[in-house]
Every structure is written in structure tokens, then in C-alpha cells.
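Q: Next up is a structure, given as C-alpha cells.
Since every read-out is calculated from the coordinates, none of them should be taken as a lab result. Treat the numbers as computed from the prediction; the structure is a model and nothing was measured.
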Amino acid sequence: MEKEKREFDILKKEERVKAIEDIIAHFATERDEEMDIIGAGALLDAFLQDIAPIIYNKAIEDVRMLLKKQADDAEFELNLLRK
């Protein structure tokens, strides 16, 4: 039986495993708390569901601004070539 993919499931299996391991390690070293795999997975899901869209939209805006700057630069360069 194939697991249903949720909209916020954007990580590959290896990336998800690594992220969960990192969450568990963070809680152990930084907070001196134990976090199990299920709890770390739930925390990761919460972040992916709530924060990932914000980061994604910021990345889209960054790319939009970069492309606009490049288009402006190209326009400037083309105007310099006019005779």
C-alpha cells in the first residue's frame, strides 16, 4: 500500500531521515531533552506545513527581483549599443 503524499511532503526520503536525525540531535545537545522519531517527524511536518510556504514565497520573490535587475541591466547595456 502506497503512502498518500501530502502537499508539504517536499523532502526526499533520505532528506527527511537526515532532518529527523538533526532534530533529535539538536534537542539532545541544545536542550538536553530526548526526542523520539515520531515527535521529531511531527515537528518536521509542522515546520514544513507552516514555514516552508513562507520560505518558498521569499525565494520566489528573490528570484523575481534578481531577474528584474538582470533585465534592467540588459536594457541599460542595449541602450549603450545604440548608434
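Q: Taking the Kirkwood radius as the inverse of the mean 1/r across Cα pairs, report the Rg/Rh of the chain.
A: With Rh from the inverse mean 1/r over Cα pairs, Rg/Rh is 1.30.
Q: From the phi of every residue in segment 59-73, what ³J(HN,Hα) in whole Hz does the Karplus formula 6.51 cos²θ - 1.76 cosθ + 1.60 yield, where θ is phi - 60° and glycine or proline is x?
A: Ordered by residue, 3J(HN,Hα) equals 5, 4, 5, 4, 5, 4, 5, 4, 5, 5, 4, 5, 5, 4, 4 Hz.
Q: Run lengths n ≥ 4 of DSSP H only: what is the helix-derived mean residue ellipticity at 222 nm for the chain, with -39500 (n - 2.57) per run over all residues, to the nearest 500?
A: -26000 deg cm²/dmol
Q: Follow-up. Pairs to check: K5/K58; K12/K58; K13/K68; K12/K68. Give those whose C-alpha atoms are more than 29 Å from each other in this structure.
A: Over 29 Å apart, Cα to Cα: K13/K68; K12/K68.
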